[in-house]
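The values are calculated or read from the model by the stated rules, or taken from the named source; none is laboratory data. Since we're looking at a predicted model, the values are computed, not measured. With ideal geometry, Cβ positions are generated from the backbone for all residues, glycine too; neighbour counts draw on all protein chains shown.
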Amino acid sequence: MTLPKTPSMNLTGKRALVTGASSGIGQGCAVALAEAGAHVVCSARGMGRLQSTVDEMAGQGFSAEALSLDISDLDAIKAGLTEQAPFDIIVNAAGYAKHTPATETEPSDFDAVMNINLRGAYFLSAWAAKAMQDAGIEGSIIHISSQMGHVGGIDRAVYCASKFGLEGMVKAMAIEWGKSRIRINTICPTFIRTPLTEPTFADPARVAWIEEKIKLGRTGVVEDIMGAVLYLASPASSLVTGSSMLIDGGWTAD
């Protein structure tokens, strides 16, 4: 008898691009991939915290470099992908939220959310996948979506629209790129304590609403996402594409 062998999550020799890597979930994803052996290009709009992240990663022996990149700037995305060698792994953790009642949404706020959460995500995926195809890479593209891509939320009509759109986009792209063995998936967290979510956690009414919804009785931390991104980036998930990994403490179980 020959026993089955557990697939490896070792990423040695792989190149990864992580957007939104200067803090929060993106930073956690970058660390998880680097710890597994990947060379990680960490990107964000500003270089201050980003360079500090990369310096600290290098200090722990990880292979990382910094790249200034605004996900809402399509020219910058295209240039960044063109100037870099093709990536085996893309993790798009860049995101933006502007929460207001739907009746009070300004067109400029709608456009700002969509430009980052959906438009930028779309073209980053498309151009990265084309580079993978040209190089013969069987890659993995991972978007940090949200549980709000599956349910509605208070004052979150625009944000939900962007994430529901992202979920549909990923399913369609998975169909297109399956024959190239390029996988694309989303990770859908509940509320994770990061700089982006601090305004929500500062509102007692919102905190009560969140705690009522999460069946496991706690909000998330960045470490809750790190294992998921490693799984989806590695050969352990080689038959997973067009899927959403819900890390929501049971929020969407209702």
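When the residues of region 173-193 are filtered to those that are β-branched (Val, Ile, Thr) and surrounded by fewer than 21 Cβ atoms within 10 Å (Cβ to Cβ), which remaining residue is nearest to the chain's Cα centre (by Cα)?
Ile192
Enumerate the helices (runs of 4 or more DSSP H) found wholly within region 109-210, keeping only those where 2 or more residues are out of contact with any Asp or Glu (no Cβ under 9 Å at 6 or more places or on another chain) and within 20 Å of Ala233 (Cβ to Cβ).
By residue number, 121-135, 157-177.
Please enumerate the residues belonging to region 211-254 that are in a strand (DSSP E or B) and over 19 Å from Leu11 (Cβ atoms).
Residues satisfying the conditions are Gly220, Ser244, Leu246, Ile247.
Only one of (1) aliphatic (A, V, I, L, M); (2) farther than 24 Å from Ala76 by Cα; (3) buried (at least 21 other Cβ atoms within 10 Å of the Cβ) is not met by Val170, so which one is it?
Status for Val170: all satisfied but (2).
I'm checking my understanding of the structure. Among residues of region 191-221 that are hydroxyl-bearing (Ser, Thr, Tyr) and in contact with a Lys or Arg (Cβ under 9 Å, 6 or more places away or on another chain), which one is modelled with the highest pLDDT?
Once the filter is applied, the top-ranked residue is Thr219.
Would you be able to say whether some residue in region 109-118 is in contact with a helix residue (DSSP H, G or I) (Cβ under 9 Å, 6 or more places away or on another chain), touching a residue at least 40 places away in the same chain (Cβ under 8 Å) and closer than 15 Å to Val18 by Cα?
yes
Yes or no: Ala121 touching a Leu at 6+ places or on another chain (Cβ under 7 Å) and modelled with pLDDT under 95?
no
Out of region 7-20, which residues are over 10 Å from the mean Cα position of the chain (by Cα) and in a loop (DSSP other than H, G, I, E, B)?
Selection gives Pro7, Ser8, Met9, Asn10, Leu11, Thr12, Gly13, Lys14.
Among residues belonging to region 194-213 that are among the acidic types (Asp, Glu) and under 20 Å from Gly24 (Cα atoms), point out the one that is surrounded by the fewest Cβ atoms within 10 Å (Cβ to Cβ).
Of everything passing the filter in region 194-213, Glu198 is surrounded by the fewest Cβ atoms within 10 Å (Cβ to Cβ).
Of the residues Gly59, Gly80, Gly28, which is small (Gly, Ala, Ser) and at pLDDT below 95?
Answer to the check: Gly80.
Is it the case, given these coordinates, that Lys5 is within 14 Å of Val91 (Cβ to Cβ) and surrounded by fewer than 24 Cβ atoms within 10 Å (Cβ to Cβ)?
No.
Contact list please: Cβ distance under 9 Å, first residue in region 54-77 and without any contact (Cβ under 8 Å) to a residue 40 or more places away in the chain, second residue loosely packed, with under 13 Cβ neighbours inside 10 Å and not in a helix (DSSP H, G or I), pairs at least six apart or on different chains.
Ser68/Gly46
When you scan region 185-202, how many residues do you find that are within 15 Å of Ala93 (Cβ to Cβ) and hydrophobic (A, V, I, L, M, F, W, C)?
Qualifying residue count, region 185-202: 4.
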